[in-house]
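Visitor: Supplied in structure tokens, the structure appears directly below.
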Amino acid sequence: MRYVVRVSLVLLFVSALFGMAHAVNHAYPKVANIFTSKPTPDEIAVLSKWDLVCLGTDIQDNCPEVIADLRSRNPDIVIIAYFPAGFVWDNWHDLGQTAYNYGLKVQQTNWWLRDNYGNRVGKDGYLWFTNLATVSRSDYSGRIFASWLADYIVNQILSTGLWDGILIDGLFENATWINNNDQFFTNPSAAIDANGDGVADQPESLYVWWRDGVRMLLSTIRARVGYSYIVIANGKNYQSQFLNGGIREDFPHMHGDWNANMFSDFGYVTMCRNWSHNPMNCPLILCYYDDPQNTLYEPNRTMSYERFLRFTLTSALLGDGYYFMEGRQGDALWWEDYYDLDLGNPLGDACLDSIWSDVYRKYYPVWVREFENATIYCNPVNQWIPFEDGTWLGPQDGRIVQHSEPSFLLLDASMSSEGRTFTQKDRGIRYSVEIKNDTEHSTYFSLWSRLTQHGDTVAYGACRNFLIGAKDTLKTDVFLRFLEPPSPGLYCLEVFLGRSHLVPVCHDTLYLRRIVDFEKRMHINDDSGEGEVLTIYPQPSVSSLGDIRMEVNLDDLKSERGRVEIYDVRGRRILSIDNLEFEDGHAYNLGADLRGGASLAPGIYYLTITLGEKKITQKIVLLSH
């Protein structure tokens, strides 16, 4: 099929501005979702789109049909269970039978981690740590906690046949970090006493006991199930021989800077390379974006969010793991356009490359990875990187460049210069679209657009779906609303057909320039001033300050007092003359009235006149002093 789309644009500018549910089948990107609540049918339909989903064990206890529903919608989906090993949630009584039996056993056997005063280590209303050290007390059968827990995970979770694996939370290799968090201790001077002798443990001993306990837990699980199940751990540890991956939580802020989170011994790329690929390698990058306006289905799509999304997603694509974004409050179903891309398979490992700029005569370092269908750029440093096409990659930002555009679309777009108006009321850009379907078949399609500056989206038009008949024409208006008040500069307008393609089928440029935030709305007339009460001449520019003259033409005006002001393009007032008496048809020379006789630099200025309730503004261009 073939669409021919013609786009005409009518620009409307924001205040203080003018002049502007099916499964995804692909290799990369790989995306994951940790969803701890019981999903509704509508949420299941969205959740099934992710490649890897982690659910709480209460799902197997209360509604195992959720897992079957997810698999029926996406046969390739990987579903794993979430289970905390290093702690018990404070509300464990309410989390399903599996979590309840776990918490009850820990409580009955006194497998809580305690301090040297005998108090439990943890936080009321949050969590209580368990004692994974090899010196924990034994139960009636002579087993320590780590040994019992391995059998519990295998017998009560993995052996159900519902899951592809498990995510074990709280598997940090060394528990000494807990001693540095007063929130977990009733007595500020307390410290961990894992062996229960009433004396705070020496850090060196605690490290060995805890590391060996974690190793016992994981090695016992592998001895029971082999490598038929995925085992992922959350917590800094080095048990790569037993694990298929870990989570770099709160990426890239936890455990050091970006380089440490990527390339250290417990870094994301290191896990991708060195941890077990049997049955599959699946480290996770978990990113948090907090905003009170986030919802379950949508984040607050500010420029900061979109930049953070690009940066963290391209970081994940430098390795072979899974990517996930949510707020710290928990469950999120934020499906992004980028997840629909089919990047193909990687053609090699990521490398630190460089981009040469002929303009600036220097190399700019940038992380790059080539895929079959796209090239990934990730910039973790605090500098702007120029590209040959004139665009820039900002600090802590990323870019996905597809190798080819959609071949089945043809779009012709042009900017309309007629009827251009500039107001303070509108907060976006509006344009009209005409779509023609030259085929013999009716079809659905989607249309969306965005306005960008240096790759950052500053305004976007929500995706709208249309049904167009055979040999039919559809006309509609689309409005792009600004995310934040943009700054003056050059912008790119991009138009897209189909959310599965992030390559614009049309783009154009426009220049935005800031104006004064006047008290009342006004009409800015870039023409000769015909029909207005104010005439500035000569037009369109003045050769020197002494030639700035204005003439007032008002019907039936004999004499009236008003105010004259001159502003620069940044909104700074240069001149203000109050109580000036105007006469109809009289010309006034403003060159001698500037404050202190200061001269103006060449540039664009705005002159306003206020007469009673009327306020008129017009642009002037100063060519020389």
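The values are calculated or read from the model by the stated rules, or taken from the named source; none is laboratory data. In this text the structure is predicted, and so the values were computed from the model without any measurement. Positions of Cβ are generated from backbone atoms using ideal geometry, with glycine treated the same way; all protein chains shown enter the neighbour counts.
Visitor: Which condition does residue 79 not pass, out of (1) within 29 Å of the chain's Cα centre (by Cα); (2) under 30 Å from residue 176 (Cα atoms), if it passes all the others?
Guide: Condition not satisfied by residue 79: (2).
Visitor: Got at least one residue in the range 244-259 being buried (at least 22 other Cβ atoms within 10 Å of the Cβ), under 20 Å from residue 175 (Cα atoms) and modelled with pLDDT of 95 or more?
Guide: no
Visitor: Kindly establish whether residue 505 is assigned by TED's automatic domain parsing to the domain that holds residue 392 and either at pLDDT 70 or above or loosely packed, with under 15 Cβ neighbours inside 10 Å (or both).
Guide: no
Visitor: Suppose we filter 151, 115, 164, 169 for residues that are out of contact with any strand residue (DSSP E or B) (no Cβ under 8 Å at 6 or more places or on another chain) and of a type in the set (D, E, K, R); which single one remains?
Guide: Result: 151 is the single residue among 151, 115, 164, 169 that is out of contact with any strand residue (DSSP E or B) (no Cβ under 8 Å at 6 or more places or on another chain) and of a type in the set (D, E, K, R).
Visitor: Could you count how many residues in the range 217-236 are assigned to a loop (DSSP other than H, G, I, E, B) and touching a Ser or Thr at 6+ places or on another chain (Cβ under 9 Å)?
Guide: Matching residues across the range 217-236 total 1.
Visitor: Given 414, 407, 442, which one is at negative phi, touching a strand residue (DSSP E or B) at 6+ places or on another chain (Cβ under 7 Å) and at pLDDT below 55?
Guide: Only one candidate passes the filter, namely 414.
Visitor: On to the next question. Just checking, does the range 265-276 include any residue being within 24 Å of the chain's Cα centre (by Cα), at pLDDT below 95, closer than 29 Å to residue 44 by Cβ and assigned to a loop (DSSP other than H, G, I, E, B)?
Guide: No, every residue in the range 265-276 fails to be within 24 Å of the chain's Cα centre (by Cα), at pLDDT below 95, closer than 29 Å to residue 44 by Cβ and assigned to a loop (DSSP other than H, G, I, E, B).
Visitor: I'd like to know if the range 351-371 contains one or more residues that are closer than 24 Å to residue 492 by Cα, modelled with pLDDT of 90 or more and touching a Gly at 6+ places or on another chain (Cβ under 9 Å).
Guide: Looking for residues that are closer than 24 Å to residue 492 by Cα, modelled with pLDDT of 90 or more and touching a Gly at 6+ places or on another chain (Cβ under 9 Å), one finds none in the range 351-371, hence no.
Visitor: Shifting gears a bit: What is the one condition in (1) under 21 Å from the mean Cα position of the chain (by Cα); (2) outside any loop (DSSP other than H, G, I, E, B) that residue 290 does not satisfy?
Guide: (2) is the only condition that residue 290 fails.
Visitor: Kindly indicate the residue of the range 377-401 that is in contact with a His (Cβ under 8 Å, 6 or more places away or on another chain) and over 23 Å from residue 253 (Cα atoms) and also modelled with the lowest pLDDT among those meeting that condition.
Guide: 391
Visitor: Kindly indicate whether residue 295 is touching a Ser or Thr at 6+ places or on another chain (Cβ under 7 Å) and more than 21 Å from residue 375 (Cβ to Cβ).
Guide: Here the answer is no, as residue 295 does not meet what is asked.
So that you can scan it fast, the table gives a plain yes or no per residue for (1) under 30 Å from residue 463 (Cα atoms); (2) of a type outside the set (Asp, Glu):
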| residue | (1), (2) |
| --- | --- |
| 308 | yes, yes |
| 316 | yes, yes |
| 323 | yes, yes |
| 330 | yes, yes |
| 339 | yes, yes |
| 354 | no, yes |
| 358 | no, no |
| 366 | no, yes |
| 377 | yes, yes |
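Visitor: Among residues belonging to the range 302-343 that are farther than 13 Å from residue 286 by Cβ and among the small types (Gly, Ala, Ser), point out the one that is surrounded by the most Cβ atoms within 10 Å (Cβ to Cβ).
Guide: Residue satisfying both the conditions and the ranking: 319.
Visitor: Select, from 85, 68, 133, the only residue that is under 19 Å from residue 160 (Cβ atoms), buried (at least 22 other Cβ atoms within 10 Å of the Cβ) and not hydroxyl-bearing (Ser, Thr, Tyr).
Guide: 85
Visitor: While we're looking at this one, here's another question. Just to be sure before I move on: is residue 37 farther than 23 Å from residue 148 by Cα and either at pLDDT below 95 or among the aromatic types (Phe, Trp, Tyr) (or both) in the structure I sent?
Guide: For residue 37, the condition - farther than 23 Å from residue 148 by Cα and either at pLDDT below 95 or among the aromatic types (Phe, Trp, Tyr) (or both) - is met.
Visitor: Out of the residues in the range 46-58 meeting the condition of being more than 20 Å from residue 336 (Cα to Cα) and in contact with a strand residue (DSSP E or B) (Cβ under 8 Å, 6 or more places away or on another chain), tell me which one is surrounded by the fewest Cβ atoms within 10 Å (Cβ to Cβ).
Guide: Checking each candidate, the answer is 56.
Visitor: Quick check on my filter: what residues within the range 23-45 are touching a strand residue (DSSP E or B) at 6+ places or on another chain (Cβ under 9 Å) and not polar (S, T, N, Q)?
Guide: 24, 27, 28, 29, 30, 31, 32, 34, 35, 38, 39, 43
Visitor: Right, residue 142: closer than 25 Å to residue 204 by Cβ and in a loop (DSSP other than H, G, I, E, B) or not?
Guide: no
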